[in-house]
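The values are calculated or read from the model by the stated rules, or taken from the named source; none is laboratory data. Just so it is clear, the model here is predicted, and its values are computed rather than measured. Here the Cβ positions follow ideal geometry from the backbone for every residue, glycine too, while neighbour counts run over all protein chains shown. The area values use the complete protein model at the heavy-atom level, side chains included, leaving out ligands, DNA and RNA. Shrake-Rupley method; radii C 1.70, N 1.55, O 1.52, S 1.80 Å.
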Amino acid sequence: MTKLAINAATGESEVLAFSEADKAANDKIEAAWPALRLEKDALKFQEERKTAYGTIGDQLDMQYHDLVDSTTTWKDHIAKVKSDNAKP
Amino acid sequence: MSLILSGTNGITFPDAVGGAMDGADLLTGWQFVSITSITAANNLNITGLAAGYDYQIILENFDVATDSCDLYFRISDDGGSNYEADAADYDYFTDQANTGNSSTGAAQIQMNSTGRGIANDAGSTSYMAVTMVNPGGTGFFHQILYEGMITDESATPQLESVRGAGRSKGGTAAIDACQFILSTGNFVAQGSILIYRRARS
């Protein structure tokens, strides 16, 4: 593993191999990654559903037209968002 | 600051790193230090931060090898031999596309939200500008401000703005080095690191 080291006093740079301290620090971060990845997937799923649902205003408009026109646009939309963005 | 009379152009203001100050230096106070191409590396370390300056460090057009990873930032007070990484060495608040991510006790400053990691798709370009306020000062928790854009790892990767604020609270010694590190994998050989500094007096 390597690090790109830049000296802010001189502007000089070099690619160096990891020191023992670098390796220990990176190993600790990498060890935490699998659990973090699961957490990210759960959050990503929530974020993507939230975005796909659309604004509350748009959803109320769908519901209004469903009532007036006897359609199921809103219900179909929500069902599609749920199926397109399945829980991990 | 002294003035130097040059032979052909009249007055030149020398900047602290050897070159002549340009218009941007005069307007903003920021002096260009260096630009370095990012190579394929796990960590990007900046050493040699001097007392008496604020620093701005910019990762421009960078990309990562592993999808969805997070960008971390750490500081060092021993020249970069060790970077502060205890469980409560940092506080931070990051705001990205209206999704927050914060901690009042972390082993690093996380510069993107947990739900929106950095994409590794072809063409991904992310940017982060970090301002370190008086890193060479002592006796206080050092402040770190950051702002940039992230190519996130949504089903359709998209650019999102991100900004945040953090502080190191593992100690109050002078900071003389800092580090960018990813939650997994490495930076790819793309983009540049620019360093600027601004004299505090």
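Brief remarks follow.
- For region B:62-153, alpha-carbon Rg relative to the globular expectation (2.2 N^0.38 Å, N residues): 1.14
- Chain lengthening between A:ALA31 and A:ASP58 when straightened (0.36 nm per residue, less Cα-Cα): 5.4 nm
- Cβ-Cβ distance of A:ASP69 and A:GLN46, R₀ of 41 Å, FRET efficiency by 1/(1 + (r/R0)^6): the value works out to about 0.85.
- Gained length - B:ALA65 relative to B:ALA87, 0.36 nm times residue gap less alpha-carbon distance: 5.3 nm
- Just so you know, the averaged projected area of the alpha carbon convex hull for chain A sits at 10.0 nm².
- Over chain A, dividing the summed -39,500 (n - 2.57) contributions of all DSSP H runs of at least 4 residues by the number of residues returns a 222 nm mean residue ellipticity of -23500 deg cm²/dmol.
- Here the Karplus relation 6.51 cos²θ - 1.76 cosθ + 1.60, evaluated at θ = phi - 60°, turns the backbone of region B:139-148 into coupling constants of x, 8, 6, 6, 9, 9, 10, 8, 7, x Hz, with x for every Gly and Pro.
- Overall form of region B:42-91 per C-alpha gyration tensor (a/c, 1.5; a/b vs b/c): oblate
- Anisotropy class of the protein assembly as shown from Cα gyration tensor, a/c 1.5 cut: prolate
- Semi-axis lengths (Å, descending) of the ellipsoid that matches the C-alpha gyration tensor of region A:49-88: 21, 12, 4
- Residue-normalised accessible area of region B:42-188, expressed per residue, 1.4 Å probe, Å²: 33
- Tensor-based shape of region B:63-113 (alpha-carbon gyration tensor, a/c under 1.5 rounded, otherwise prolate or oblate): oblate
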